[in-house]
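The values are calculated or read from the model by the stated rules, or taken from the named source; none is laboratory data. Here the structure is a predicted model, which is why all the values come from computation and not from measurement. Here the Cβ is made from the backbone with ideal geometry for all residues, glycine too, and neighbour counts use every protein chain on show.
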Amino acid sequence: MSVHQIDPLEDPRWRRFLLEHRSASIFHTPAWLQALRRTYGYEPFALTTSPPGRELTNGLVLCRINSRLTGRRLVSLPFSDHCEPLADGPKDIAQLCCSLGGLLEREHLKYIEIRPASACLKGEPGFGKAKGFWFHKIDLRPSQDELFRSFHRDCVQRKVVRAEREALSYEVGRSESLLRGDHKIKFTIAGNCSTLGL
């Protein structure tokens, strides 16, 4: 089966595909890929076994990187916590990974790095574990009270209660008053109340 290269920023099938695939994340979205291109000049593209004109059934998104320090390489994806290959089984993953060997040779790449959240590449020829990282996530479906009770009593719960008792507030924005420093923050050190202008 042939593997095709598509532009996930231009191909309208990519957005539709992401809405349907259970493993799609913020890091697969055209907005994130556009940010990588605008900020770092990286060229995003995706590989798929779906032929042109047919809806996508799988996809592996990568960025071409050309660095004087680290050389020419493909990364899925730079500055992203993870980027799962979007495939429905080992056969799809094997086909997409097999095509990477050809890219490695044709484009004279130093290496290809894929950052899946799962162990989906385990056993794929040519791939080995380079580094391991911890991935933390919180299920936001439970109620606010249930989430609070699930946190560690000393490390989190007490600090949240204290922040509420102290009426700690946090404000983010770009308003003129914030930029002028009209807002004051009150903080207490050893019982003495001070005001800090931001």
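Cβ-Cβ distances below 8 Å connect the following pairs, each with a first residue in the range 154-181 that is touching a residue at least 12 places away in the same chain (Cβ under 8 Å) and on the phi > 0 side of the Ramachandran plot, a second residue that is surrounded by 10 or more Cβ atoms within 10 Å (Cβ to Cβ) and assigned to a loop (DSSP other than H, G, I, E, B), and a separation of six or more residues or different chains: GLY181/LEU198. Restricting attention to the range 55-62, does a residue exist that is more than 26 Å from HIS136 (Cβ to Cβ), of a type in the set (Ser, Thr, Tyr) and in a helix (DSSP H, G or I)? No, that holds for no residue. Of all residues assigned to the range 76-88, none qualifies as being over 21 Å from the mean Cα position of the chain (by Cα) and either in the same structural domain as TYR40 (by TED's automatic domain parsing) or surrounded by 13 or more Cβ atoms within 10 Å (Cβ to Cβ) (or both). If I go through the range 30-55 residue by residue, how many of them are in contact (Cβ under 8 Å) with a residue 12 or more places away in the chain and within 22 Å of HIS4 (Cβ to Cβ)? The total comes to 18.
Checking each residue in the range 61-86 for being touching a helix residue (DSSP H, G or I) at 6+ places or on another chain (Cβ under 6 Å) and among the small types (Gly, Ala, Ser) picks out only SER80. Note on the range 1-29: among residues that are basic (Lys, Arg) and touching a residue at least 24 places away in the same chain (Cβ under 8 Å), the one that is nearest to SER50 (Cα to Cα) is ARG13. Restricting the range 91-108 to residues that are within 23 Å of the chain's Cα centre (by Cα) and closer than 17 Å to PHE45 by Cβ leaves a set whose member that is modelled with the lowest pLDDT is CYS97.
One residue stands out among those in the range 139-158 that are assigned to a helix (DSSP H, G or I) and surrounded by 12 or more Cβ atoms within 10 Å (Cβ to Cβ): the one that is farthest from the chain's Cα centre (by Cα), which is ARG158.
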